[in-house]
Amino acid sequence: MAADRRFKIFAAADGFGQPLKDAVVAHLRAHLAVAEVVDLGVDKYYAAAAAVARQVSSSTSYSAPDAPEFRGVVVCGTGAGVCIFANKYPRVYATHCASPADAVNTRSINACNVLALSGMATPPDAAAAIADSWLATPFRAPCPASGDAPWPEDIQRFFDTAPDEMTAIPEAEGLPDSACAICCLRNGMEFEPVGIMPGGEMRIVRERPTSAYVRFKAGSVEPAHRHTFGHDLVVIKGKKKVWNLTKKESYDLVDGDFLFTPAGDVHRVKYFEDTEFFIRWDGHWDIFLDEDLDTARSAIDAELGAASNSK
């Protein structure tokens, strides 16, 4: 049993999963094995899954006996969508569970660290029982799949090596450096300067839906602006910060991070390293500036200065 262990759990959901997520968060906050629950709120199912998985993926393994183990709970209508996107992150083992037996099996066999639930099919009391079983079951414990008996020696030997081999899969040898389709696309590409944003270059890759590969030099700034379309972007490499002035939120983005900006949202950007990213939107390219470069730089310097002084 894991009743004497402490967990830090991150939770998020989409609109279909929000009521169940709220019920599960309340249940976990009262659980004796849980030190902290961080409710990351509600977003599109893939963004909610990414927010939780990013935390679990980046967590450090602690040796101190009272240090928390990071886990995640993600909820959407079916539980399938959040599970798919959570599993895109390394060291994340997400499983959709519909019963306590599912939770015991996936903890015992797969070391599941992100629990996916269906907001439409799983009632709160059933979800609580599933979560309890998920927290209480250690890796390689007896489970329904083992006949509720200890695993035989050959399976125990498999479990001895499985975690390290699972972790190594994204770094498997033999894959060429250009295995990423986007990176292959970028090789040999000719870029055109983004005239109104010094330091930026862009290459349109496809029209309707439109996608482009974009790069900015370190120190570059995008003044506050908006588009008539929403756009998704994935950072290939580099470091940038996006201020969504409409929502009064900011996002620090590095390699592999994803961000969706809705149509009409005014946003400002600062690049701290040479940065490349892939962006996709519907419709023709347009941009409407809400400030000039000098105003943007002054606002960013003030924001970063205030953040530095508050530390």
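To keep it simple, each residue is scored yes or no on (1) assigned to a helix (DSSP H, G or I); (2) open to solvent by 70 Å² or more (accessible area, probe 1.4 Å).
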| site | (1), (2) |
| --- | --- |
| Trp285 | no, yes |
| Arg297 | yes, yes |
| Asp301 | yes, yes |
| Ala307 | yes, no |
- request: For the range 224-243, name all the residues that are open to solvent by less than 20 Å² (accessible area, probe 1.4 Å) and basic (Lys, Arg).
  value: Lys240
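Does Ala136 fit the bill of being touching a helix residue (DSSP H, G or I) at 6+ places or on another chain (Cβ under 7 Å) and modelled with pLDDT of 85 or more? Don't jump to the end; show me each part of the working.
Numbers: touching a helix residue (DSSP H, G or I) at 6+ places or on another chain (Cβ under 7 Å): no; modelled with pLDDT of 85 or more: yes.
When the stated conditions are applied, Ala136 does not pass them.
Take the range 73-120 and flag every residue that is at positive phi, more than 14 Å from the chain's Cα centre (by Cα) and not aliphatic (A, V, I, L, M).
Kept after step one, since they are at positive phi, are these residues of the range 73-120: 79, 91, 111.
With the extra rule that they be more than 14 Å from the chain's Cα centre (by Cα), the set shrinks to 79, 111.
Of everything in the range 73-120, just one residue is at positive phi, more than 14 Å from the chain's Cα centre (by Cα) and not aliphatic (A, V, I, L, M), namely Gly79.
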task: Check Pro223, Pro198 and return the single one that is of a type outside the set (A, V, I, L, M, F, W, C) and not in a strand (DSSP E or B).
output: Pro198
- prompt: What single numbered condition from (1) within 26 Å of Gln156 (Cα to Cα); (2) open to solvent by 50 Å² or more (accessible area, probe 1.4 Å) fails to hold for Asn113?
  reply: (2)
message: I'd like the residue in the range 1-22 that is more than 20 Å from Cys112 (Cβ to Cβ) and touching a residue at least 40 places away in the same chain (Cβ under 8 Å) and, out of all such residues, is surrounded by the most Cβ atoms within 10 Å (Cβ to Cβ).
response: Asp14
field: Which numbered condition Gly256 fails, given (1) within 21 Å of the chain's Cα centre (by Cα); (2) closer than 19 Å to Ala307 by Cβ; (3) not in a strand (DSSP E or B)
entry: (2)
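Looking only at the range 226-244, decide whether some residue is without any contact (Cβ under 8 Å) to a residue 12 or more places away in the chain, charged (D, E, K, R) and either in contact with a strand residue (DSSP E or B) (Cβ under 9 Å, 6 or more places away or on another chain) or part of a strand (DSSP E or B) (or both).
The first filter runs over the range 226-244 and keeps only residues without any contact (Cβ under 8 Å) to a residue 12 or more places away in the chain, leaving none.
No, the range 226-244 has no match at all.
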query: Are there any pairs with C-beta distances below 7 angstrom linking a residue in the range 148-171 that is in contact (Cβ under 8 Å) with a residue 60 or more places away in the chain and among the polar types (S, T, N, Q) to a residue that is surrounded by 12 or more Cβ atoms within 10 Å (Cβ to Cβ) and in a loop (DSSP other than H, G, I, E, B), with the two at least 6 apart or on different chains, and if so which?
result: Thr167/Arg91
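For every residue, the table says whether it meets (1) surrounded by 14 or more Cβ atoms within 10 Å (Cβ to Cβ); (2) outside any helix (DSSP H, G or I).
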position: Ala101; (1), (2): yes, no
position: Val104; (1), (2): yes, no
position: Asp125; (1), (2): no, no
position: Pro138; (1), (2): no, yes
position: Ala162; (1), (2): yes, no
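Show me the strands (runs of 3 or more DSSP E) found entirely inside the range 27-96 where at least 2 residues are crowded, with 21+ Cβ neighbours inside 10 Å.
Working: elements: 34-42, 69-76, 94-96.
The strands (runs of 3 or more DSSP E) meeting that bar are 69-76, 94-96.
The values are calculated or read from the model by the stated rules, or taken from the named source; none is laboratory data. Remember, it's a predicted structure, so these values are computed and weren't measured experimentally. Backbone-built Cβ (ideal geometry, glycine too); neighbour counts: all protein chains shown. When the accessible area is computed, the model is the full protein with side chains, heavy atoms only, and any ligands, DNA or RNA have been set aside. Shrake-Rupley method; radii C 1.70, N 1.55, O 1.52, S 1.80 Å.
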